[in-house]
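See structure below.
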Amino acid sequence: MTSGRAGDQVDRPDPGGTPPRVLLLVTAVTLTAFTAVLIGLTVPVTLPPDDALPAAARFGIALAAFAVAQLARLRFRTPTGMVSITWGEAALIVCLYLVPAGWLPAAALLGTGLAWTGMSLAVDRRPPLEVLRIAASLTAATALAVAVATALGAPLLAAPTPGLALALIAGSVTYLLATACLGGATLALRHGVAIGPPVLAALRGKLLMFVGNVAVGLVVVALVEADARWLLLLPPLLWLLQQTYRHRLRADQERRDWRAFAEATAALNQLDERGVASAAVTGALTLFGAELVDVDVVRGDGRWRRYRGDASGQVRDREVGPPAPPSTAEHELARPLTVGDVEVGELRVRFPATAPPSARERDAVAAFSDALAAALHDAATHRELRLVSARSSYEAVHDALTGLVNRAAMLSKGDQALRQLAHDHPVALLLLDINQFKEVNDTLGHAAGDQLLRLTANRLGTLARPGDLLGRLGGDEFALLLTSVPVIGDRSAPMAYALRQAREIAERLAAPTEVAGVRMSVEVSVGVVVAGAGTADLTELLRRADIAMYQAKEGGGSVAAYDSARDAASTDQLALLAELREALQADDQLVLALQPAVDLATGAPTGVEALIRWRHPRRGWLGPADFIRPVENSEQLGAFTRYVLDKALAVAADWAREGLDVPISVNLSARSLLDPRLPAEIADALRRHQVPPQRLVLEITETVVMSELEVIDEVLATVRAMGVQLAVDDFGTGFSSLTFLTRIAVDELKVDRSFVIRMAESPEAAAIVRTTVGLAHELGLRVVAEGVETAEQRLALAELGCNAAQGYHFFKPMPADKIGAVLGTLRESAESNVFPLRADGAS
């Protein structure tokens with residue numbers, strides 16, 4: 001495809017002039033025809049002395065036969081133009097028998113010339129040069145056919161014999177091939193296409209009529225030889241034969257047209273405007289045999305673009321103004337392209353002036369226009385959806401004000417960058433905070449504050465090197481992750497490099513600038529931390545850098561390095577994490593403490609929550625509050641989660657062997673849900689322990705909803721599709737409880753213990769419990785109250801319709817070797833069997 005500018009000659013309609021190559025062909029064929037006429041008239045003629053017809057009468061018969069054969073034409077349209085098929089072979093056979101061969105070129109020139117001149121004046125409006133081309137082509141074909149037929153025999157008034165039939169048939173085949181080739185050559189030269197397709201189209205359309213023509217010609221010869229009066233019976237039969245030809249030709253043409261229409265409309269099924277418009281131009285040229293096709297498309301901003309194609313098959317496009325009013329010319333059709341009340345463009349099809357569109361073709365253009373309008377509308381809609389999707393994807397990971405990556409993307413991309421580096425490869429994180437930013441906002445306004453943030457982001461962007469990750473964490477905080485820290489023998493070199501970078505950035509940012517008309521210097525505090533890529537994730541690096549940044553603020557300097565001695569939690573947490581790695585391998589330090597939940601109506605066990613305890617060899621017994629938080633922020637979270645899950649499912653498998661089908665609950669960290677491998681790991685554990693998925697309940701907290709990361713939704717949806725049940729722990733304490741339930745399909749709500757304990761003295765707490773129970777019932781969920789410590793609390797919960805509860809009032813968490821007996825006792829003493837968390841088939 002090529003493009004042109006406004007005013008280019010390539011985009012102006014072809015005025016209809018004859019190409020030089022066609023003129024050359026017409027000249028050659030015309031000279032050949034007149035030469036054949038002159039030669040034929042000089043050939044001596046010998047007629048029988050007792051001939052009843054004078055020579056002039058025989059010449060007149062030939063002239064009339066050639067003229068009538070052309071007037072009884074049938075026409076059909078091809079991708080390269082209109083093709084006419086006639087009774088020419090029948091006329092040729094009759095004339096070869098009745099008229100001296102030398103006269104036939106002259107008779108053909110006069111007869112066909114008169115016939116086509118009359119048809120042009122009455123119907124076609126063909127230019128004189130086109131009439132001359134047709135007459136000359138038919139004359140040249142006649143001369144060639146005469147030469148072949150006379151070479152095989154003397155057909156003039158010869159007795160009907162197989163030899164005569166062979167000569168006449170050979171002349172007819174020659175005439176057919178010559179006319180088809182000359183017509184195909186003209187179309188090929190005029191439209192710049194290959195000669196093969198138009199020749200094959202003409203031969204395919206003419207084949208049946210050719211056989212009939214030859215048969216009619218031979219029958220006429222036989223009847224003339226037998227008794228010419230029999231010819232009076234021919235006109236009705238020829239009329240019926242002509243109608244048969246017409247019907248067969250129309251049926252074939254409609255079958256090809258419908259096939260072409262289906263292909264052309266199927267080609268419109270594309271997702272971009274250019275592809276649809278180009279396919280429409282190409283399809284319309286082929287389908288309608290048009291000389292010129294324009295598809296004008298209106299864009300969403302009101303601009304128009306024109307896609308134009310001609311019979312050469314080349315499609316060009318350019319911007320144009322709104323389309324001009326449709327032409328009144330009979331051979332041009334213009335259709336507006338609309339979908340409902342929405343205008344999407346216009347289709348213009350210019351047929352050859354000698355072959356204006358029929359009523360059927362007008363209907364076909366209308367149907368094609370409707371399909372094109374729908375395809376263009378779909379392409380425009382898809383383009384808008386792509387833009388919206390791209391914009392949404394961009395906004396999800398970028399800060400709207402500065403264009404830098406936001407906090408979530410910084411964490412995700414930062415962790416990904418760390419994983420791609422060697423474990424001990426040094427990386428540096430710089431955390432920057434603008435000093436006195438609040439004063440700028442308060443004094444000059446938030447618009448000035450936004451300007452200052454954009455200015456800082458732009459300067460940082462120019463200072464960042466390829467491979468660095470720069471983001472805005474929120475407010476006036478920026479982070480820069482340096483992954484190309486030099487690796488040399490000196491262990492202090494990475495920190496020295498990072499500090500130099502930090503000081504250079506602080507100095508560059510301090511260069512005077514103007515904000516809201518006020519000249520100022522941007523001063524920042526920078527916290528710097530250096531660590532091996534595999535020793536901490538970005539969350540931990542940000543925590544350390546945040547400590548360093550506040551050290552810089554407190555010390556009055558602009559840059560400070562992270563000092564682990566001033567991080568009260570860091571050394572102990574690092575040691576704890578190292579000890580946890582050993583505990584995960586020891587298999588006897590991390591133990592389960594199991595607490596059953598009971599049905600408030602029947603006393604039957606409804607489930608068991610698996611809590612983890614650490615029997616530390618040096619620190620003694622540690623509860624979850626002592627080590628869970630460091631684990632969640634470390635790379636050991638995955639191994640820890642798999643360990644607890646394996647222990648819990650092993651206990652559940654033991655229960656199943658004892659006939660206790662009680663679900664077991666395991667708490668999941670929000671960070672665990674960021675791992676797309678989690679569902680496969682859960683499925684593997686269930687399979688190894690042969691525990692049905694519905695016997696595992698995963699407890700998640702409402703803080704999961706705050707991330708709104710797609711990976712979390714996908715992990716939860718996959719786990720739940722496996723049959724594993726989901727429970728919301730500490731329900732009511734999160735920021736968006738109701739929003740959470742619309743995002744994540746769950747099976748159980750667990751009322752936080754803080755509300756249960758305060759139910760008696762706090763109307764607000766009681767209202768929250770009552771609302772939670774009511775909401776659970778409306779949604780078809782079970783509700784379990786946590787932290788029940790008194791009989792009064794149990795009674796109040798039962799009155800509110802709470803299904804089940806757990807707490808010290810019922811049982812304290814107990815070891816795995818004791819809970820089996822407790823569950824058996826509860827089951828035996830209950831009034832009914834264990835109620836499932838959700839009915840089979842429930843969503």
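Cα centroid separation, the stretch 272-306 to the stretch 312-347: 8 Å.
What do you get for the angle between helix 20-42 and the principal long axis of the chain? Use alpha-carbon atoms, 0 to 90 degrees, nearest ten. It works out to around 20 degrees.
Projected label points at Tyr808 and Ala493, each 7 Å from Cα along the beta carbon direction, are separated by 5.9 nanometres. Distance distribution P(r), the stretch 424-564, all Cα-Cα pairs, bin width 5 angstrom from 0: 2, 10, 21, 23, 19, 12, 7, 4, 2, 1, 0 percent.
Could you check what % of the DSSP bridge pairs in the chain are antiparallel, to the nearest 5? So the antiparallel bridges amount to about 70 percent of the total. In the complete set of protein chains, residue-level accessible area for Cys181 is approximately 70 Å², probe 1.4 angstrom. Against the criterion of solvent-accessible heavy-atom surface with a 1.4 angstrom probe, Asp675, Asp341, Asp424 sort, most first, into Asp341, Asp424, Asp675. When the residues Thr174, Thr539, Thr32 are ordered by accessible surface, computed with a 1.4 Å probe over the protein chains alone, the sequence from largest down reads Thr32, Thr539, Thr174. Of the solvent-accessible surface of the stretch 269-417, computed with a 1.4 Å probe over protein heavy atoms with every protein chain present, carbon and sulfur atoms account for 52 percent. Only Cα pairs under 8 Å and 6+ residues apart enter the sum, and on that basis the relative contact order of the stretch 257-388 stands at 26 percent. For the stretch 581-821, the per residue solvent-accessible surface stands at 45 Å², with DNA, RNA and ligands left out and a 1.4 Å probe. The slack between Ala329 and Ala447, meaning 0.36 nm per residue of separation minus the straight C-alpha distance, is 36.3 nm.
Within the assembled protein chains, the solvent-accessible surface assigned to His777 is about 90 Å², based on a 1.4 Å probe. Averaging 1/r over each pair of different alpha-carbon atoms in the chain and inverting the result gives 36.5 Å, the Kirkwood hydrodynamic radius. Here Arg248 sits with roughly 120 square angstrom of accessible surface, probe radius 1.4 Å. Heavy atoms only, probe 1.4 Å: what % of the accessible area of the stretch 424-564 goes to carbon and sulfur, would you let me know? Roughly 50 percent, rounded to a whole number.
Per DSSP helix of 4 or more residues, -39500 (n - 2.57); summed, then divided by the residues of the chain. What does that give at 222 nm, rounded to the nearest 500? That calculation yields -17500 deg cm²/dmol at 222 nm.
The values are calculated or read from the model by the stated rules, or taken from the named source; none is laboratory data. Not measured: the values here are computed from a predicted model. Here the Cβ is made from the backbone with ideal geometry for all residues, glycine too, and neighbour counts use every protein chain on show. Accessible surface areas use protein heavy atoms only, side chains included; no ligands, DNA or RNA. Shrake-Rupley method; radii C 1.70, N 1.55, O 1.52, S 1.80 Å.
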